[in-house]
Amino acid sequence: MPTFLGFSTQHVNAVRNSVREGVDGGTGSVTAPIIYGKKYKLVDSELVIQDFINALNIPQGQKPGKPDYGTTLWSFVFEPNTPDTQKHLENEIRRVASLDPRINLNTLKAYPSDSGILIEIEMAVTPFNNAQTLSIFFDQGSTRAFGV
């Protein structure tokens with residue numbers, strides 16, 4: 001008779017009584033309870049901000065199947081600081097923010113520096129509506145955007 005190695009579907013729907021409930025419900029123990037809704041390290045508005053910074057780090061057209069995702073901001077890093085360049089920077093950031101329905105931009109300021117561009121954004125995350133200021137620096141040396 002052959003022996004089956006792998007996943008068995010026998011007793012899949014059976015109730016297991018050996019698993020205890022954690023502190024806040026769910027499975028776990030007293031020292032390491034599992035809290036549903038907090039599975040990842042970044043939660044709520046922090047996750048939305050990290051998604052926004054990730055979108056600013058991806059050059060436009062690099063994500064497969066989504067040609068509008070990403071940004072063309074890296075082409076402005078080496079441009080001279082003119083009012084025209086400032087307007088293009090602001091329009092590009094507003095375009096990237098409009099791709100995420102969770103982000104509401106209030107104010108936006110861009111400050112070019114010798115080694116990159118500093119962008120200060122006052123924004124709110126939709127379900128929470130807590131206005132916060134986010135500073136993002138585009139470093140031309142590492143070609144990476146990060147929160148300050």
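The values are calculated or read from the model by the stated rules, or taken from the named source; none is laboratory data. Note that this is a predicted model, so its numbers are computed, not measured. We place every Cβ from the backbone using ideal geometry, glycine too, and count neighbours over all the protein chains shown.
Quick rundown of the values:
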item	result
Selection from segment 65-114 of residues that are polar (S, T, N, Q), at pLDDT 85 or above and within 17 Å of residue 144 (Cβ to Cβ)	71, 72
Qualifying residue in segment 115-127 (condition: in contact with a helix residue (DSSP H, G or I) (Cβ under 8 Å, 6 or more places away or on another chain), on the phi > 0 side of the Ramachandran plot and modelled with pLDDT under 80)	no
Test: residue 117 is surrounded by 14 or more Cβ atoms within 10 Å (Cβ to Cβ), part of a strand (DSSP E or B) and either among the charged types (D, E, K, R) or more than 15 Å from the chain's Cα centre (by Cα) (or both)	yes
Selected residue (criterion: surrounded by the most Cβ atoms within 10 Å (Cβ to Cβ)) from residues of segment 53-96 that are within 18 Å of the chain's Cα centre (by Cα) and of a type in the set (Asp, Glu)	92
All positions within segment 120-134 that are buried (at least 17 other Cβ atoms within 10 Å of the Cβ) and either β-branched (Val, Ile, Thr) or more than 16 Å from the chain's Cα centre (by Cα) (or both)	121, 125
Tally of residues being touching a strand residue (DSSP E or B) at 6+ places or on another chain (Cβ under 9 Å) and either among the aromatic types (Phe, Trp, Tyr) or in contact (Cβ under 8 Å) with a residue 24 or more places away in the chain (or both) across segment 55-69	3
Filter result for residue 128 (over 24 Å from residue 44 (Cβ atoms) and in a loop (DSSP other than H, G, I, E, B))	no
